[in-house]
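To start, the structure under review is shown below, and the notes come after it.
The values are calculated or read from the model by the stated rules, or taken from the named source; none is laboratory data. Predicted, not measured: the structure shown is a model, and the values here were computed from it. Backbone-built Cβ (ideal geometry, glycine too); neighbour counts: all protein chains shown.
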Amino acid sequence: MINMKICDICGTYNSKENKYCFHCGNKLLKDNICPLCATLNEDEATICSNCGSPLSTFTIESFDILFSDYYREQLANFDLSVMEYYSILNNIFNKQAFTPIVGTTAKDKVLDIASKFAKCKTKSRGVEFGANMGTTLEYDDRLDDSVQIATIIHELAHCLLFKIILNVLCEAFDVKTSKTLESFVWFFLTFGELEIMFEYCAHTVEGRFIPYGYQNYGSFNNLVRQSDISEDNLELAIILGNSFANEIIVYLEKYIDDDLRNLIKIQYKKDSTVPKFDSIELETNQCLDLDLKNKQLIQLLNVIFDEATLSRNRDELMFIKEGLENF
């Protein structure tokens, strides 16, 4: 077994060349290639023998490093293949497949599922039902269980899309996550039309798992009405959001299965909630071909990366970083 890697999640032996576990999709430890000077180091090395940079625990801790020419070039030359993207999705979702779902009520079960992917906190102030930032979500536990369920699923979708973009960048830069990198991801997902994409994705995921007619599309419809972007960019944002949503739904259906969905329906009946049958503006069934979507994503990441490097955005990035640390 000398030339094998052992997955730290499921214990499966993998070929040394594998980047991901063939059984559960977990990202395996890579060869010790320095991210700064590209020197190949011994497997057990923790410091690069050539430039002295940290290896296996390398993280980008400052915006000056993140927005360096090195990482700008890394992102500009990054080609996200379909296989790499599926490996990223498997790495996010399949790690949780080995833990049981616990809870006595539909809300408890949904909350347990959400807690496998995000840090979940209760809130008891403000008029918003929920909130999210990075991989943390909040929900108001003063509300009926049915409303809490919808809120948790909605905010979870936000957290999952955040994780997907974060993992794509970790792959592009060959680094581990950090609050600096997370800050750029949040900047990206809340920039211009991408905020509409972000919100559309969450509403679409929520709509898959709660009974028809109970969705509240107010946050999305307000974003659309207040936006001043072109119709073409708006349409692309919505199609991109729908594409991400459908990917997330496929994986979440392994956890929120038919039995749990029936429990959710029963909970809505228990709460005597009246459906409003709100409609979402500019709804679409269109999804981008995965290879085209990946190319579009990398192109957008490059555009917003260049925008984020501008000095006028540094204060906002620092504010985002502080928010991620304290949320």
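No other residue among I153, I88, I92 is over 30 Å from V303 (Cβ atoms), within 16 Å of the chain's Cα centre (by Cα) and either of a type in the set (F, W, Y) or in the same structural domain as E195 (by TED's automatic domain parsing) (or both) apart from I153. Of the helices (runs of 4 or more DSSP H) lying entirely inside the range 175-272, those containing at least 2 residues that are touching a strand residue (DSSP E or B) at 6+ places or on another chain (Cβ under 8 Å) and assigned by TED's automatic domain parsing to the domain that holds L317 are 179-189.
Checking the range 145-155 against the condition returns a match, with at least one residue being surrounded by fewer than 21 Cβ atoms within 10 Å (Cβ to Cβ) and out of contact with any Pro (no Cβ under 6 Å at 6 or more places or on another chain).
The residue that is surrounded by the fewest Cβ atoms within 10 Å (Cβ to Cβ), among those in the range 301-311 that are in a helix (DSSP H, G or I) and either β-branched (V, I, T) or at pLDDT below 95 (or both), is S311.
Yes/no per residue for (1) surrounded by fewer than 20 Cβ atoms within 10 Å (Cβ to Cβ); (2) β-branched (V, I, T); (3) at pLDDT below 95:
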{"site": "F188", "(1), (2), (3)": "no, no, no"}
{"site": "Q215", "(1), (2), (3)": "no, no, yes"}
{"site": "N222", "(1), (2), (3)": "yes, no, yes"}
{"site": "D232", "(1), (2), (3)": "yes, no, yes"}
{"site": "K254", "(1), (2), (3)": "yes, no, yes"}
{"site": "I280", "(1), (2), (3)": "yes, yes, yes"}
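On the stretch given as the range 284-305, residues that are in contact (Cβ under 8 Å) with a residue 40 or more places away in the chain and among the acidic types (D, E) total 1.
If I ask for residues that are of a type in the set (D, E) and over 17 Å from E182 (Cα atoms), which ones from the range 58-78 would you list?
Residues satisfying the conditions are D69, E73.
Taking the criterion of being touching a strand residue (DSSP E or B) at 6+ places or on another chain (Cβ under 9 Å), of a type outside the set (S, T, Y) and assigned to a loop (DSSP other than H, G, I, E, B), the residues of the range 111-126 that qualify are A118, R125, G126.
One residue alone among F198, F173, F220 is at negative phi, of a type in the set (F, W, Y) and in contact with a Leu (Cβ under 7 Å, 6 or more places away or on another chain), and that residue is F198. When I298 is tested against (1) closer than 16 Å to N242 by Cα; (2) among the aliphatic types (A, V, I, L, M); (3) surrounded by 14 or more Cβ atoms within 10 Å (Cβ to Cβ), just one condition goes unmet, and that condition is (1).
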